[in-house]
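A.B. asks: My structure is below; once you've seen it, I'll send some questions.
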Amino acid sequence: MNNEKIWLSSPHMGGEELKYVNKAFEDNWIAPLGPNVTGFENDIREYLTQNGSSDIEVAALSSGTAALHLALILLGVERGDEVICQSMTFAASANPIVYLGAIPVFIDSEVDTMNICPEQLEISIKDRMARGKKPKAIIAVHLYGMPYKVDEINKVAKKYEIPVIEDSAEALGSKYKNAYCGTLGDYSILSFNGNKIITTSGGGALITKNLEAKKKAIFLATQARDDAPHYQHSEVGYNYRLSNVSAGIGRGQMQVLDKRVEARRNMFHFYVNLFRQIEGVRVFKEPSDDYFSNHWLTVIEIDESKTGGLDREKLRKYLEAENIESRPLWKPMHMQPVFNHYPYYGTGIAEKMFQNGLCLPSGSNLTSNERNRIEQAILNCFKNRV
Ligand SMILES: *Cc1c(COP(=O)(O)O)cnc(C)c1O
């Protein structure tokens, strides 16, 4: 029997990537700038604005983490400032706050999208202001591709005049009220890491609302060189630009992005159908037609009181024994040893989701054979209740 490892999410090339990479070699554009970088930025911009979204500018960078770091700098975040951040997320959402010596304030999730809770957000802002500090920014995340409650979050952000950084690392191709994720924050970021919906092997992008902000981001991302014939610096800079070779991979990947979204959504529907037969398992889906998720990863929540005691760990270990990768949800930041001394506002929703949630293999390149193996393993696990 073929028992090769089934991955949660693996790179999936489209075929044209090498064409752009070869061109970079032919023209000797082996550098963190060049025609692929500019072309990739244009591809992303065209994609995100195709529904007539408000205009944006795209700066291709070495990672999504770098993009978050620059967004915080552009918003003037400094040592001792407070920055609000969704607790349930990947550590990369929060790490750049600490790079700057600022203080993360973590917020619980709500149950509909698993993302930052608007009520807890407002409670936290009021409390931080009462303690003498108004938060400098809000980092909201479209986890697993599911858009956060954009209108509700923006309403609170606007009321208190705090800018929103939209962490869209997992949500390229997702939409909220027909506007693409990546266009919905004051600043937005994308990631093209190897496990994301499309990849440049490693890379990211910062999305700004105007050319001035993009120029400032690129200035900072290229060592903050002043306009002088010699090397002159009045500010601290970074080396954060995307390689022209990597951007070539990105250009090829942009051509197949919609296919990748469709394939991930098909995996989601596959799981919806599968778990229809199984009691006590909820497949996480869009709360209404306002939301369109790329379903980067399909997430289930297990209620062990209805599955005869079969919990998330038992299912995960069963799949592991079948050489099928699955993974618990992101462990909330306020529970992490490195962050658990920072302020947190919530009612335990993210904790419960972390306890009972599992991400299932969702790659766009899973074959029907692999889907059959996943289906059989899950059905067997629930039949035997191991
Ligand atoms: C992947 C990811 C990032 C960071 O992106 P990198 O390109 O890996 O630096 C940030 N936020 C979230 C939610 C992510 O999943």
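A.B. asks: So, with +1 on the Cβ of K and R and -1 on the Cβ of D and E, and no other charges, what is the size of the charge dipole of the chain about its Cα centre, to the nearest 20 debye?
C.D. replies: 460 debye
A.B. asks: If Lys and Arg each add +1 and Asp and Glu each add -1, what is the summed charge of the other residues whose beta carbon sits under 9 Å from the beta carbon of Gly248?
C.D. replies: +2
A.B. asks: Mind checking which lysines have their C-alpha under 18 Å from Lys306, skipping anything on the same chain fewer than 8 residues away?
C.D. replies: Within the straight-line cut-off, Lys306 pairs with Lys314, Lys352, Lys383.
A.B. asks: Another one. For Lys158, list the aspartates and glutamates whose Cα falls under 16 Å from its own Cα; do not include residues on the same chain fewer than 8 positions away.
C.D. replies: Glu119, Glu122, Glu166, Asp186
A.B. asks: Between segment 329-381 and segment 1-75, what is the separation of their alpha carbon centroids in Å?
C.D. replies: Distance between centres, Cα-based: 26 Å.
A.B. asks: Take Tyr160 and Asn51, extend 7 Å from each Cα along the Cα→Cβ direction, and tell me the distance between the two endpoints in nm.
C.D. replies: 2.8 nm
A.B. asks: What's the Cα-based Rg to Rh of segment 244-337, Rh via Kirkwood?
C.D. replies: Reported Rg/Rh (Cα atoms, Kirkwood Rh): 1.06.
A.B. asks: In the structure shown, do any of Lys177/Lys216; Lys19/Lys331; Lys126/Lys177; Lys126/Lys317; Lys5/Lys215 have a Cα-Cα gap over 32 Å, and if so which?
C.D. replies: Those over the limit are Lys19/Lys331; Lys126/Lys317; Lys5/Lys215.
A.B. asks: Then there's this: How big is the C-alpha Rg of the chain next to the rule-of-thumb value 2.2 N^0.38 Å, as a ratio?
C.D. replies: Scaled against compact globular proteins, the figure is 1.00.
A.B. asks: Can you pull the percent of the chain's accessible area that's carbon plus sulfur, 1.4 Å probe, other chains left in place?
C.D. replies: 48 percent
A.B. asks: Run the numbers for Thr38 and Met335: contour at 0.36 nm per residue of separation, minus the present Cα-Cα distance, in nm.
C.D. replies: This chain segment gains 102.9 nm when fully extended.
A.B. asks: Quick check: pseudo-label points 7 Å beyond the Cα along Cα→Cβ at Lys352 and Asn384, how many nm apart are they?
C.D. replies: Taking the two extended label points, one gets 3.2 nm.
A.B. asks: Which one of Asn369, Ser246, Gly14 is farthest out on the positive end of the charge dipole of the chain, using unit charges on Cβ (Lys, Arg +1; Asp, Glu -1) and the Cα centre as origin?
C.D. replies: Farthest towards the positive end: Asn369.
A.B. asks: Another one. Could you give the accessible area per residue of segment 258-384, probe 1.4 Å, as a whole number in Å²?
C.D. replies: Averaged over the residues of segment 258-384, the accessible area is 47 Å².
A.B. asks: Another question, if that's okay. Rolling a 1.4 angstrom probe over the protein heavy atoms, how many square angstrom per residue are accessible across segment 17-256?
C.D. replies: Accessible surface, normalised per residue, equals 39 Å².
A.B. asks: Continuing with the same structure: Using 1/(1 + (r/R0)^6) with R0 = 45 angstrom and r between the beta carbons of Ile30 and Asp112, what's the FRET efficiency to the nearest 0.05?
C.D. replies: Result of the calculation: an efficiency of 0.45.
A.B. asks: Grab the Cα-Cα distance for Lys285 and Lys177, subtract it from 0.36 nm times how many residues apart they are, and report the gain in nm with one decimal.
C.D. replies: Difference between extended and current length: 37.3 nm.
A.B. asks: Between Arg276 and Glu313, 0.36 nm times their residue separation minus their Cα-Cα distance comes to what?
C.D. replies: 11.2 nm
A.B. asks: Give, as a single signed number, the net charge of other residues whose beta carbon lies under 11 Å from the beta carbon of Ala59, with Lys and Arg counted +1 and Asp and Glu -1.
C.D. replies: Net local charge, Ala59 excluded: +3.
The values are calculated or read from the model by the stated rules, or taken from the named source; none is laboratory data. As the structure is a prediction and not an experimental result, all values here were calculated from the model. No Cβ is skipped: glycine too gets one built from the backbone with ideal geometry, and neighbour counts run over all protein chains shown. The accessibility values were calculated without ligands, DNA or RNA, using every heavy atom of the protein model including side chains. Shrake-Rupley method; radii C 1.70, N 1.55, O 1.52, S 1.80 Å.
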